[in-house]
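Read the figures in this text as sums done on the coordinates, not as results from a lab. Keep in mind that this is a model prediction, so the values were computed, not measured. Every residue, glycine among them, receives a Cβ derived from its backbone with ideal geometry; neighbour counts consider all protein chains shown.
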Amino acid sequence: MRLSLQQGLAQMSYYGPDFADIKTGWYRNTSDENYAAGRRILDKNWNTVCDEILTVYLERYGTFFTAFSEDIVRDIDTALGTSFEKNARYYEYYLATRAYEIEKTRRIWIDSYNDNQDRIYICPYCENAFPVLDCHPNVIRTLGIPPTHCRTCDYVVRRYRDFWDSDVKRRVRDMMRSIDELRSCEICGHTYFLKDDIFTYGSFGKRFVDCLYPNLFFNVCPKCFKGVFNDYKRGSARTKLSRLYASPDVSVGSG
Ligand SMILES: [Zn+2]
Ligand SMILES: [Zn+2]
């Protein structure tokens, strides 16, 4: 198990009542129009129905409710016929402030935050360990609590959604577990690290292919990566993809 560098950052979590200094109550009192204008819009129509909807989210997600601010405000808009989501800027501060003002939700929030302090999850792809409190809200919202996998692996997994199967899953897992290991390019022979190019894409006509994709099947450095996909058009013999067909295991998708 490898522990992520992020572990030391739990104090800066998106989720505790320290988030955005909510517990100081600044949002309720600020005269800064950036915030006060939205607050007035919400105050005008906010009622016990809103508190109840907010409470449901606290009960369901505990300290992670802030990841669902958009869903909460949409539920409230649906119930009240309001347009808070559209018109009340920074409504997420309002929701968090309100959650801290109501005794019941404040208790749930603080208890849940404390309960999650030491909670770690291990990504099944890269096998890195992450504090759940450090998860990006989008990851919590879309991948659950704790998330099914980490944010970086999610960027990778999502690319291959259209042809995802157990074989691709295994290849992604093997690749992400060795992402920071030195590799040797099967085309040019130079060594490279894949971790520096997780977000590198190349365009091939109207198509975009990420640098990791060919590496699901064999070792191709970021420099040779474009040559591989230009196989049918140009390039020297040594960058020809056909060289790699010699291996019976190799199969490349439509890319
Ligand atoms: Zn991961
Ligand atoms: Zn190369």
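Quick notes on this structure:
- Only a single criterion out of (1) surrounded by fewer than 18 Cβ atoms within 10 Å (Cβ to Cβ); (2) within 16 Å of ligand 2 (Cβ to nearest atom); (3) touching a residue at least 12 places away in the same chain (Cβ under 8 Å) is not satisfied by His136, namely (2).
- Enumerated strands (runs of 3 or more DSSP E) restricted to the stretch 124-231, each holding at least 2 residues that are under 30 Å from Glu70 (Cβ atoms): 128-131, 207-210
- Taken over the stretch 76-104, the criterion of being more than 23 Å from the chain's Cα centre (by Cα), over 22 Å from Lys23 (Cβ atoms) and not aliphatic (A, V, I, L, M) is satisfied by Asp77, Thr78, Gly81, Thr82, Ser83, Phe84, Lys86, Asn87.
- Only one of the listed residues (Pro124, Pro137, Pro146) is touching a helix residue (DSSP H, G or I) at 6+ places or on another chain (Cβ under 6 Å) and within 14 Å of ligand 1 (Cβ to nearest atom). That residue is Pro146.
- The lone criterion from (1) away from ligand 1 (no atom under 16 Å from the Cβ); (2) outside any helix (DSSP H, G or I); (3) among the aliphatic types (A, V, I, L, M) left unmet by Leu58 is number (2).
- Restricted to the stretch 171-215, and to residues there that are among the aromatic types (Phe, Trp, Tyr) and buried (at least 18 other Cβ atoms within 10 Å of the Cβ), the residue that is nearest to His149 (Cα to Cα) is Tyr213.
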